[in-house]
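Quick notes on the structure that follows.
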Amino acid sequence: MNKQIEKKKLGRPTVLTDRVKDKLESALCSGFSVSAACYFAGVGTSTFYENKSLDKEFSERMTRAEEYATFRARQVILQAIDKGDVMAAMWFMERKARFEFAPPKPM
């Protein structure tokens with residue numbers, strides 16, 4: 001007879017449950033810093049970064065979440081520019097094309 005043996009994970013259970021991962025993702029999508037998102041989700045930043053370095057899927061999911069707030073902010077700026085907001089256009093160009101549009105720094 002051939003018996004299959006179940007492998008049990010040894011050690012402490014993970015604190016990064018699906019619910020915790022969802023909280024982290026939600027906070028990061030809202031523009032929270034990593035430390036604030038970790039506080040909100042109830043995990044340490046060291047746990048976050050360790051899992052990000054070990055788990056490719058988790059890393060990609062959190063990176064996408066971190067970029068989402070920036071993406072949304074860019075959309076708002078570009079919508080303002082589309083509506084003719086000159087100040088938004090100037091602000092955008094000062095940051096996007098600094099050498100051409102940023103005011104000179106005082107010496």
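The values are calculated or read from the model by the stated rules, or taken from the named source; none is laboratory data. For clarity, every value in this text was computed on a predicted model and none was experimentally measured. Virtual Cβ from ideal backbone geometry, glycine too; neighbours counted across all protein chains shown.
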(request) Output the residues belonging to the stretch 9-41 that are in contact with a Gly (Cβ under 7 Å, 6 or more places away or on another chain) and either in a loop (DSSP other than H, G, I, E, B) or among the small types (Gly, Ala, Ser) (or both). (result) none
(request) State the number of residues belonging to the stretch 24-56 that are within 14 Å of the chain's Cα centre (by Cα), farther than 24 Å from ARG74 by Cα and of a type in the set (D, E, K, R). (result) 1
(request) Among the residues of the stretch 65-84, write down those that are surrounded by 14 or more Cβ atoms within 10 Å (Cβ to Cβ) and either aromatic (Phe, Trp, Tyr) or over 21 Å from the mean Cα position of the chain (by Cα) (or both). (result) TYR68, ALA80, ILE81
(message) Can you find, within the stretch 1-23, the residue that is nearest to the chain's Cα centre (by Cα) among those that are at pLDDT below 85 and among the basic types (Lys, Arg)?
(response) ARG12
(message) Let me confirm something: among MET87, MET62, which residue is surrounded by 14 or more Cβ atoms within 10 Å (Cβ to Cβ) and either closer than 12 Å to LEU28 by Cβ or over 14 Å from the mean Cα position of the chain (by Cα) (or both)?
(response) MET62
